[in-house]
Amino acid sequence: MTAGSTPSTRRGGLVGLLAAAGISGLGTRMSFLALPWFVLVTTGSPVRTGLVAAAELTPYVLVQGLGGPLVDRAGAKRASVWTDAGACVAMAAVPALHQAGALSLSTLMVAVAVVGALRGAGDSARDVLLPGAGALAATSLERSAGLYDGVKRSAALVGAPLAGVLIAVTSPLVVLLVDAATFGISALIVACVVPSVAEPVCAERGDAGQTYLRSLRTGYRFLLRDRLLLGIGLMVLVTNLIDQAGAAVLTPVWAQEVAGSPIALGVLGGIFGAGAVAGSFLVTWLAPRLPRRRTFGIAFMLASAPRYLALALASTISPVLPLYLLGGLGAGGINPLLGAVQYERVPRHLQARVLGALGATAWAGIPIGTLGGGVAVAGLGIRGALAAAAVAYFLATLAPFVFPAWRAMDVSGRGASGARGTRPRRSPGSGRSARPGPRRGGRPGARRSPRTSPAGTPRWRAPGPVPAMPPR
């Protein structure tokens, strides 16, 4: 807590960060619909539409995985402000160049690639600011992460229909201008409202003199050595791959071949989105009182496997709707718990690098998902492909219940972020923090087992000069 800070200013940092994420997410969701529509209308080519989409997504994933050291060096707040400002300019250039008659396909791909790269860095920067902003507001990590996820899900839920209406009433170029404006508003909010003390302080950066490659290697080495985080990344890689196949291929083909109406696709998406928003806020409220691993595993099991199985068996939309609502509730409960675990296990000064590497791992399967979905439908038919997706998803979500490393989710964090940490205990009648001495009957200076901490949980040591993480 800084001198002269008040409760309202401390809460304002978290509120401002949530507002910035929500506004930026609203515009991004709108552009996800407007940009493909613009390319289809102007070129009539689905192939070119896919190329433009890949041109934005690929730099986003690459920057998430490789840009962590740059976010660290610039500072999370400054990186968030300047990347949003740059994305505002790059996105606004698309309608401007089109109006001037100077927008070719290659120019459009360069512009959206710049937007994707800047958006990836900006999202990483805001992720690093969240634990500090939540700590200033005296909000637990589960609730901070849950609010953050709930706001973004709400923005996505509103952004899709709003974009559809604006495209119909005006044009996709107007929607792209709205997206550019949301980037600018997000930059202003973070610059003016989020305090600089929400980011890791320079004293926490024990590797400030490292080269870029060594700094990047430090983040990936930390991820590889933390079996829980690595397991999370690999599991989400598989589930994201399946969900991308479901969203891009399997569900649209089911709506066309089985339901016989594109309206079914919109209804299913709306039901799932509403359930996800409700699930996110529900888990945000209950998370501090829930067992993490069990809740996380059950939520993941409910998210997709039942609805894919229902689609494989159903011939009408009616029996599928309840399972889509249930799946949305489950999906909404994942990120609040996942975010809290990530922030607790990774020291503040490594979060941009480690969480970026984790995010890139989780997103790596998305480009493969679309291709895999098409291959599965061609080889198995739509019902066979949906049944295979349900089985594969269910098997992936068994990981939290099968592998011992996942038990660390249930241990309350005392991570390096300090957001859930407690103040050091003080000895009676002393102004100094009490330090644990040797156990009665034990040998002074005796070393504990390197396998476990005093709380019985794994101790992890990051490479190089990074100190060991405190026990969870």
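The values are calculated or read from the model by the stated rules, or taken from the named source; none is laboratory data. Every value quoted in this text rests on a predicted model; they were computed, and no experiment measured them. All Cβ positions, even for glycine, are placed from backbone atoms using ideal geometry, and neighbour counts span all protein chains on display.
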Report task. Tell me, yes or no, whether the range 157-172 has at least one residue that is within 24 Å of T83 (Cα to Cα) and either among the hydroxyl-bearing types (S, T, Y) or modelled with pLDDT of 85 or more (or both). Result -> yes
Report task. Determine the pairs where a residue that is exposed (fewer than 15 other Cβ atoms within 10 Å of the Cβ), located within the range 78-107, has a partner that is modelled with pLDDT of 90 or more and in a helix (DSSP H, G or I) with Cβ atoms under 7 Å apart, the partner being 6 or more residues away or on another chain. Result -> T107/L97
Query raised in the report: Does the range 195-210 include one or more residues that are β-branched (V, I, T), within 13 Å of L350 (Cα to Cα) and modelled with pLDDT under 80?
Result: yes
Query raised in the report: With (1) within 23 Å of the chain's Cα centre (by Cα); (2) crowded, with 24+ Cβ neighbours inside 10 Å; (3) modelled with pLDDT of 85 or more as the list, and V175 as the residue in question, which single condition is left unmet?
Result: (1)
Requested in this report: Would you be able to tell me the number of residues in the range 65-76 that are surrounded by 23 or more Cβ atoms within 10 Å (Cβ to Cβ) and part of a helix (DSSP H, G or I)?
Outcome: 4
Query raised in the report: What is the residue count in the range 261-293 for residues that are within 23 Å of A405 (Cα to Cα) and out of contact with any Pro (no Cβ under 8 Å at 6 or more places or on another chain)?
Result: 5
Report task. Say whether the condition of being free of Cβ contacts under 8 Å to residues at least 24 places away in the same chain, more than 16 Å from V236 (Cβ to Cβ), surrounded by fewer than 24 Cβ atoms within 10 Å (Cβ to Cβ) and among the polar types (S, T, N, Q) is met by at least one residue in the range 313-321. Result -> yes
Query raised in the report: Would you say L326 is surrounded by 23 or more Cβ atoms within 10 Å (Cβ to Cβ), outside any loop (DSSP other than H, G, I, E, B) and of a type outside the set (S, T, N, Q)?
Result: no
Query raised in the report: Are any residues in the range 386-404 closer than 14 Å to P306 by Cα and either surrounded by 20 or more Cβ atoms within 10 Å (Cβ to Cβ) or modelled with pLDDT under 90 (or both), and if so, which ones?
Result: L386, A389, A390, Y393, A396, T397
Report task. Test T170 against the stated conditions and say whether it is hydroxyl-bearing (S, T, Y) and free of Cβ contacts under 8 Å to residues at least 24 places away in the same chain. Result -> yes
**Report entry** Test set (1) over 24 Å from E142 (Cβ atoms); (2) in contact (Cβ under 8 Å) with a residue 12 or more places away in the chain; (3) surrounded by fewer than 20 Cβ atoms within 10 Å (Cβ to Cβ); (4) within 21 Å of the chain's Cα centre (by Cα) - P288 fails condition number
**Finding:** (1)
Query raised in the report: Only one of (1) at pLDDT 90 or above; (2) closer than 30 Å to A399 by Cβ; (3) surrounded by fewer than 19 Cβ atoms within 10 Å (Cβ to Cβ) fails for M235. Which number is that?
Result: (3)
Report task. Return a yes/no flag: does the range 347-361 have any residue that is assigned to a helix (DSSP H, G or I), more than 18 Å from the chain's Cα centre (by Cα), β-branched (V, I, T) and surrounded by fewer than 23 Cβ atoms within 10 Å (Cβ to Cβ). Result -> no
Query - Single condition A121 does not satisfy, out of (1) free of Cβ contacts under 8 Å to residues at least 60 places away in the same chain; (2) surrounded by fewer than 20 Cβ atoms within 10 Å (Cβ to Cβ) - result: (2)
Query raised in the report: Which residues, taken from the range 102-137, are touching a helix residue (DSSP H, G or I) at 6+ places or on another chain (Cβ under 7 Å), in a helix (DSSP H, G or I) and small (G, A, S)?
Result: A111, A113, G116, A117, G120, A121, G122, S124, A125, G132, A133, G134
